[in-house]
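Working notes, beginning with the structure itself.
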Amino acid sequence: MCFHNSMSAKAVKLAARYGRKSDVVEIYQDILNEQYHVSAFTFPKYPIITTSDEIQVFNWGLIPFWTKDEANADEIRRMTLNARADTIFEKPSFREPIMKKRCIVPSTGYFEWRHEGAKKIPYYIYLKDEPIFSMAGIYDSWLDKETGEEYSTFSIITTETNSLTDYIHNTKHRMPAILSKDNEEKWLNPNLTKQEITTFLHPYEADKMDAYVIENDFIKKKPTDKTILNKAE
């Protein structure tokens, strides 16, 4: 699955990449800046691209609009960090957002672990020619009627692995659905049919990606010594 992302680009660079304004994201710059490692399990704020002309800032962990209360919201968001492409049209939390509320989750890379017996080997995975690339996502907004506070949240869509990511994520065999540059704005179109949406949710080309092993304490600092993955293994 995809629970550990990276977004090390500053707001102005992110805005330029997607042709959006950066006013909102700059408000949260102290939180968002230089996020080499972002763990979904903290339900963090994260920059998101929608049809808006401005970069949005949502929390990771989708809370559906129909959620009853805060306790229900907390329970649901733990299960909606990712949305599987093969079941996304059936799941109650996802079936409306996938049709009308699709978003882009910008990334500079993401983390996954290879299992070798009892050993877990962490990798940093990225696109060779895209310093900032786009993961397919969905979002929703929930109003807490008790407090009057509105929450905007998102989930990253996952699909089957390609040959590179399958070697790394060798237990559940999942990777984020990554969009090509040509498909980014098309993905955001709220008028797409189910059949059209499905065409975006496939493994990204392995030859356009790369990865390297990192130290187990990668959360604390950005690594400088790269051990490049040998794809021939």
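The values are calculated or read from the model by the stated rules, or taken from the named source; none is laboratory data. Note that the coordinates shown come from a computational prediction; the quantities given were computed from them, not determined experimentally. When we count neighbours, we look across all protein chains shown, and the Cβ atoms used for this are built from the backbone with ideal geometry, even at glycine. Accessible surface areas use protein heavy atoms only, side chains included; no ligands, DNA or RNA. Shrake-Rupley method; radii C 1.70, N 1.55, O 1.52, S 1.80 Å.
The conditions of being farther than 15 Å from E150 by Cβ, buried (at least 21 other Cβ atoms within 10 Å of the Cβ), of a type in the set (A, V, I, L, M, F, W, C) and modelled with pLDDT of 95 or more are met by I49. Within the range 16-37, none of the residues are assigned to a strand (DSSP E or B), open to solvent by less than 20 Å² (accessible area, probe 1.4 Å) and either touching a strand residue (DSSP E or B) at 6+ places or on another chain (Cβ under 6 Å) or at pLDDT 95 or above (or both). The residues of the range 200-212 that are in a helix (DSSP H, G or I) and not basic (K, R), listed by number, are A206, D207.
Restricting the range 134-162 to residues that are under 18 Å from the mean Cα position of the chain (by Cα) and over 20 Å from K101 (Cα atoms) leaves a set whose member that is most open to solvent (accessible area, probe 1.4 Å) is E160. Within the range 78-133, restricting attention to residues that are under 19 Å from P44 (Cβ atoms) and among the charged types (D, E, K, R), the residue that is most open to solvent (accessible area, probe 1.4 Å) is R78.
Here Y46 fulfils each of the conditions (1) in a loop (DSSP other than H, G, I, E, B); (2) in contact with a helix residue (DSSP H, G or I) (Cβ under 8 Å, 6 or more places away or on another chain) apart from (1). Only one entry of K231, K186 meets the criterion of being at pLDDT below 95 and either open to solvent by 100 Å² or more (accessible area, probe 1.4 Å) or touching a Cys at 6+ places or on another chain (Cβ under 9 Å) (or both), and that entry is K231.
Inspect all residues belonging to the range 66-78 and state whether any of them is among the β-branched types (V, I, T), in contact (Cβ under 8 Å) with a residue 60 or more places away in the chain, closer than 19 Å to T108 by Cα and not in a helix (DSSP H, G or I).
Looking only at the range 66-78, we keep the residues that are among the β-branched types (V, I, T), and these are 67, 76.
Those left that are additionally in contact (Cβ under 8 Å) with a residue 60 or more places away in the chain: 67.
Retained after the next criterion (residues that are closer than 19 Å to T108 by Cα): none.
No, there is no match, as no residue in the range 66-78 is among the β-branched types (V, I, T), in contact (Cβ under 8 Å) with a residue 60 or more places away in the chain, closer than 19 Å to T108 by Cα and not in a helix (DSSP H, G or I).
Of all the listed residues (V57, V24), the sole one being hydrophobic (A, V, I, L, M, F, W, C) and within 26 Å of R174 (Cα to Cα) is V57. Exactly one residue out of K120, K128 is touching a strand residue (DSSP E or B) at 6+ places or on another chain (Cβ under 8 Å), modelled with pLDDT of 95 or more and more than 30 Å from K68 (Cα to Cα): that is K128. Restricting the range 54-77 to residues that are aromatic (F, W, Y) and open to solvent by less than 60 Å² (accessible area, probe 1.4 Å), which is farthest from the chain's Cα centre (by Cα)? My answer is F58. Applying a threshold of 8 Å to beta carbon distances and a minimum spacing of six or more residues, or different chains, the list of pairs starting in the range 165-179 at a residue that is of a type in the set (S, T, N, Q) and ending at one that is open to solvent by 10 Å² or more (accessible area, probe 1.4 Å) reads T165/E112; T165/P203; T165/A206; N170/R114; N170/H115; T171/H115.
Quick grid of which residues meet (1) closer than 20 Å to P176 by Cα; (2) in contact with a Pro (Cβ under 8 Å, 6 or more places away or on another chain); (3) outside any loop (DSSP other than H, G, I, E, B):
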site: A9; (1), (2), (3): yes, yes, no
site: K13; (1), (2), (3): no, no, yes
site: F41; (1), (2), (3): yes, no, yes
site: S52; (1), (2), (3): no, no, no
site: P64; (1), (2), (3): no, yes, no
